[in-house]
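Trainee: Structure in structure tokens, see below.
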Amino acid sequence: MAQNAHLPNFSSIPGCRLVALAERRPRLAEAVADRYAIERIYESHHQLAEDPAVDAVALSAAFAEQGEIAADLLHAGKHVFMEKPMAVSVAQAERILEAARAGGSRLMVAYMKRYDPGNMLAQSRIAAWRTDGSRGPVLYARNHGFGGNWLVGLDTSGMITTDEAAEVMDASHLMPSWLPSAGGEGYIWYLQQWTHNINLLRFLLGTGDEARVRAVDLDADGMTGLVVLDLGGTRAVVESAQSQHHGWDEHTQVYFEKGWVRLAAEPMFYRPSRSSVEFYTAGEMPTYEEPDPGCPAAWPYREEAVAFIEALRSGEEFRSSGEDTLTDVRLCEQIYRMYLGVES
């Protein structure tokens, strides 16, 4: 993700300069730094945190470890843009946010779906319909996320690799205290994949932390099945599976009494890309709209990087803040508690 999205994206933003790289594999670090004309290389994020020339850090690492790295950087006063999941437990997420408060720094989580022009257009239309009441109440929302080949459309031929082994951190102590060791792998995969889908539904419905889990029906793999949420009083369903689809199989729909908003996601590494949008209104003369959300050259991965830099410059709130992301971590813990039948 760093080489195929974040490094090229941040390096292309006017006024944003890459000044340092932290990487534990020395030959890989040197080659990547040379490609992006990065002046300084550090063996650890602790050294990077002490560099006064660094204002902000973009972070992509192992699912559990990156939260620990983020906490150290935030505590040192560095603003952080980090890959999801923000944390592997509510306890870790709360420590990360406390580190940001202590360091006077800010955290943005890379939920690129919130920066997709199609999703943004859908979110604004849903909000408008709910405000004016023209399509009646919201009846139901669903996200179908059967995945497939998430790398479709990505040319990895230019990716720099070495034979250096990456150190693997023992993250068992960071997992939820209630989670049995046998359930850890399924929990991590559900969290890292479908946290995107849960977050998108919350974004479209504008529900913030007003969210709870109503029912869970997952197969033995801990990923395939249905999760029913209550998002601000609206029943919302996440349909999850890991399919062998050659492309990317994901679509979302929010149903009103007199219409709907439908989204179809493009593969994540198509460039440019944006979700396609359909607005339907019922009545004697039913109408279908397929509006162009604009931003013809947009790529959500780059749009989120631009949004991070612009928010730091302006002081505006992040669209995908760490504080908001705490809700997704909480919901994923609740989902797996119910799936495993662990009492709260």
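Here, each number is a calculation from the coordinates, and none is a lab measurement. Since this is a predicted model, take the numbers as computed values, not measurements. Using ideal geometry, Cβ is built from the backbone for each residue, glycine included, and neighbour counts are taken over all protein chains shown.
Trainee: Normalised by the empirical 2.2 N^0.38 Å for globular proteins, what value does the Cα Rg of segment 267-344 take?
Mentor: Dividing the Cα radius of gyration by 2.2 N^0.38 Å gives 1.66.
Trainee: Kindly put His196, His46, His246 in sequence by how many other C-beta atoms sit within 10 Å of each C-beta, fewest to most.
Mentor: His246, His46, His196
Trainee: Let me have the 222 nm mean residue ellipticity of the chain computed from DSSP H runs of 4+ only, each contributing -39500 (n - 2.57), with the sum over all residues rounded to the nearest 500. Write down the numbers at each step before the final one.
Mentor: On the way: 9 runs with 117 residues, N = 344.
My calculation for the chain gives -11000 deg cm²/dmol from helical runs alone.
Trainee: Something else about it: Could you tell me how many degrees, from 0 to 90 and to the nearest 10, lie between the Cα long axis of helix 90-103 and the main elongation axis, the longest principal axis, of the Cα atoms of the chain?
Mentor: Approximately 60 degrees, to the nearest 10.
Trainee: Need one word for segment 214-325: rounded, prolate or oblate. Basis is the Cα gyration tensor (sqrt eigenvalues a ≥ b ≥ c); a/c below 1.5 gives rounded, then a/b vs b/c decides.
Mentor: On the way: a/c = 1.43, a/b = 1.14, b/c = 1.26.
It comes out rounded by the Cα gyration axes.
Trainee: Right, next: If you build the Cα gyration tensor of segment 2-112 and take the root of 5 times each eigenvalue, what three semi-axes come out, in whole angstrom, biggest first?
Mentor: Values for segment 2-112, descending: 22, 14, 14 Å.
Trainee: Ok, one more. List Ser172, Ser157 from most exposed to least, where exposure is judged by having the fewest other Cβ atoms within 10 Å.
Mentor: Ser157, Ser172
Trainee: When the Karplus curve 6.51 cos²θ - 1.76 cosθ + 1.60 is applied with θ = phi - 60°, which whole-Hz ³J(HN,Hα) does each residue of segment 117-133 get, with x for Gly and Pro?
Mentor: Ordered by residue, 3J(HN,Hα) equals x, x, 5, 5, 5, 4, 4, 5, 5, 4, 4, 5, 5, 5, 6, 8, x Hz.
Trainee: How big is the gap, in Å, between the Cα center of segment 226-283 and the Cα center of segment 91-152?
Mentor: Using only Cα atoms, the two centres lie 13 Å from each other.
Trainee: Okay, next question. May I ask you to evaluate 6.51 cos²θ - 1.76 cosθ + 1.60, the Karplus curve with θ = phi - 60°, for each residue of segment 152-163 and list the ³J(HN,Hα) values in order in whole Hz, giving x for glycine and proline?
Mentor: 4, x, 9, 8, 9, 5, x, 6, 7, 10, 9, 8
Trainee: Taking amide H positions as placed in the peptide plane 1.01 Å from N, state which residues far from Leu139 in sequence (5 or more) or on other chains have amide H under 5 Å from it.
Mentor: Tyr255, Phe256, Glu257
Trainee: Using θ = phi - 60° and the Karplus curve 6.51 cos²θ - 1.76 cosθ + 1.60, what whole-Hz ³J(HN,Hα) does each residue of segment 314-320 get, with Gly and Pro shown as x?
Mentor: 8, x, 5, 5, 6, 5, 9
Trainee: GluC sites (Glu not before Pro), restricted to segment 112-220: which are DSSP loop and have at most 10 other Cβ atoms within 10 Å?
Mentor: Glu167
Trainee: Per the Kirkwood formula on distinct C-alpha pairs, the Rh of segment 113-340 is how many angstrom?
Mentor: For segment 113-340, inverting the mean 1/r across all distinct Cα pairs yields 19.2 Å.
Trainee: Using Cβ contacts closer than 10 Å as the measure, can you line up Tyr111, Tyr270 from fewest to most?
Mentor: Ascending Cβ contact count within 10 Å gives the list Tyr270, Tyr111.
Trainee: List the lysines whose Cα sits under 21 Å from the Cα of Lys258, skipping any in the same chain fewer than 8 residues away.
Mentor: Counting by Cα, and skipping residues close in sequence, Lys258 has no lysines nearby.
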